Amino acid sequence: MNLSKLFLVLSLLLILNFSFGQETKKYLQGEYNKEVTGQVYTSPHQHKVDQIQAIAHPNAEIRNVILLIGDGMGLAQVFAGFSANNDELYIQYANQTGFQKTKSKNKYKTDSAAAGTALACGTKTNNGAIGVDSDGNLVPSILEIASENGKATGVVVTCAITHATPAAFVAHTGSRKNTADIAKFFVSDKIDVFIGGGLDDFSQRADNDDLIPELQEKGFQVVTKTEELHTINDGKLAALLKPGHLEKYPERGDILPQSTAKAIDILSKDKDGFFLMVEGSQIDWAGHDMDFTYLVEEMLDFDRAVGAALKFAEKDGHTLVIITADHETGGLSIHDANLAEGSVEGRFSTDNHSTIMVPVFAYGPGAELFTGIYENTAIFQKMMESFKFAKEKK
Ligand code: MG
Ligand code: ZN
């Protein structure tokens, strides 16, 4: 009895020792599990990255702020872009870097409405809420405050203009789903230029209201075709280029970088300066689809919009450019690349948002304010500080 028990214990120890030994050996020899396979992207749409010089006067007055949001753009999304584009992106010239934490008021995993409200208004709110706090009180956005301070304002996106991220800068409603209500907030004196999709929320509404004549009464030039966009060089502009969202890249063409340049061109005519929000809206959707090719294409297109912003800021010297995300989507990781070929391998771990911190990149006067680790609401505070706007009295 005792002998067979002893034998049992000894053989168990031997087995354990053997398997631990094997594990240790595998670890020491660098042999890792390779059975999880990813998706390989090979880039047909690389872009040349022109060098952007650091601005000569980092303490210059900040007249303009351009905030570029890659929806769902975590560090892996940015790095996938680098790997697919000869190891360089325009983003690299925004070299004052930080991280922001994205949790919402009621969920550790934020959605784009709560995260958009945090960035736009500096308030943590519940998932789904647009420009209101968790008690439903209206919270003003940086875009509205900039407008009240005499600045020109604009929003450029590749989704419907009524979608969560742009809505957070313009509208105030308890639910992101109220896109027909959100559209009415764009009929406003507080916004000068908006470019994106979402025409159906303005002119094919369930309540039969047509907001197009209302926009025109407010002084907007309303365009629904990309070609018309090129003919407008100043004044108020409402470009609603699709009934719903714009197409994916490359189907939609270079509309995002072109619209970014167009908005900057128009808004910069205001001597008081401007605030512009640009969104790479579909990086998030590629993550939800777990479609790595879609993701890298959207990431590279977003970087070309960043390039348009940086080129203006480089010349202007009074423009702060901030590039960040609202949250990460897809739990993406990068596993291999061939930089010469522009091929890169990525793997998703979820078709939902993840909760990890997202990067912040800043360029221009005041850029160093964005280094460090902070909550997403701090982006709003830092923009307020950059513009030297008085804090809201509560
Ligand atoms: Mg969005
Ligand atoms: Zn999403």
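The values are calculated or read from the model by the stated rules, or taken from the named source; none is laboratory data. Values in this document were obtained by computation on a predicted structure and should not be read as measured data. With ideal geometry, Cβ positions are generated from the backbone for all residues, glycine too; neighbour counts draw on all protein chains shown. Just so you know, the surface numbers come from the protein's heavy atoms only, side chains and all, with ligands and any DNA or RNA stripped out. Shrake-Rupley method; radii C 1.70, N 1.55, O 1.52, S 1.80 Å.
Using +1 at the C-beta of Lys and Arg and -1 at the C-beta of Asp and Glu, which of Leu119, Leu276, His45 has the Cα lying farthest in the positive direction of the dipole of the chain?
Value: Leu119.
Please report the accessible area of Tyr93 (heavy atoms, 1.4 Å probe, ligands and nucleic acids excluded) in Å², nearest 10.
Approximately 50 Å² of Tyr93 is accessible to the 1.4 Å probe.
Which one, Gly342, Ser259, Ile356, projects farthest toward the positive side of the charge dipole computed for region 57-387 from Cβ point charges (K/R +1, D/E -1)?
Ile356
What does the C-alpha gyration tensor say about the overall shape of region 103-256? Classify as rounded when a/c is under 1.5, otherwise prolate if a/b is larger than b/c, or oblate.
Prolate.
Can you show me the helix-derived [θ] at 222 nm for the chain, built from DSSP H runs with n ≥ 4 at -39,500 (n - 2.57) apiece and divided by the number of residues, rounded to the nearest 500.
About -10500 deg cm²/dmol.
Report, in whole Å, the centroid distance computed from the Cα atoms of region 290-335 and region 164-191.
Spelled out, the Cα-based centre of one part sits 24 Å from the other.
Could you tell me how many degrees, from 0 to 90 and to the nearest 10, lie between the Cα long axis of helix 292-316 and the main elongation axis, the longest principal axis, of the Cα atoms of the chain?
50
Calculate, for the chain, the solvent-accessible area per residue in square angstrom, rolling a 1.4 angstrom probe over the heavy atoms of the protein chains.
Values: 17440 Å² over 394 residues.
Per-residue accessible area for the chain comes out at 44 Å².
Could you bin all the Cα-Cα distances of region 272-361 into 5 Å bins starting at 0 and give me the percent of pairs in each, rounded to whole numbers?
3, 12, 19, 21, 17, 12, 8, 5, 1, 0
Using a probe of 1.4 angstrom, how much of the accessible area of region 318-389 is carbon and sulfur, in percent?
Solvent-exposed carbon and sulfur of region 318-389 make up 50 percent of the total.
Can you tell which of Ala146, Ala54, Ala164 shows the greatest fluctuation in a Gaussian network model of the chain with Cα springs below 10 Å?
Answer for the Gaussian network model of the chain: Ala54.
On C-alpha positions alone, give me the angle between the axis of helix 112-121 and the longest principal axis of the chain, in degrees, nearest 10.
Compared with the principal axis, the helix lies near 50 degrees.
As a test question: what accessible area, to the nearest 10 Å², does Phe7 have when a 1.4 Å probe is rolled over all protein chains in place?
Its heavy atoms expose roughly 140 Å² to the probe.
If you take the alpha carbon radius of gyration of the chain and divide it by 2.2 N^0.38 Å, what ratio comes out, to two decimals? Provide the component values of the computation, followed by the final result.
Numbers: Rg = 23.9 Å, N = 394, 2.2 N^0.38 = 21.3 Å.
Scaled against compact globular proteins, the figure is 1.12.
Just add up the charged neighbours of Ser112: K/R +1, D/E -1, any other residue whose Cβ is under 10 Å from the Cβ of Ser112.
-4
Mind checking which lysines have their Cα closer than 16 Å to the Cα of Lys48? Skip sequence neighbours fewer than 8 apart in that chain.
In chain and number order, the partners are Lys311.
Quick one: helix 2-28 against the long Cα principal axis of the chain, what's the angle to the nearest 10°, folded into 0 to 90?
So the helix axis and the longest Cα principal axis differ by about 40 degrees.
Once you've got the Cα coordinates, tell me which of Lys236/Lys262; Lys101/Lys236; Lys107/Lys248; Lys190/Lys269 are over 24 Å apart.
On the way: Lys236/Lys262 12 Å; Lys101/Lys236 35 Å; Lys107/Lys248 30 Å; Lys190/Lys269 16 Å.
Those over the limit are Lys101/Lys236; Lys107/Lys248.
So if I average 1/r over every pair of distinct C-alpha atoms in region 145-193 and take the inverse, what Kirkwood radius in Å does that give? Mind showing how you got there, number by number?
Numbers: mean 1/r = 0.0897 Å⁻¹.
One decimal place: 11.1 Å for the Kirkwood radius.
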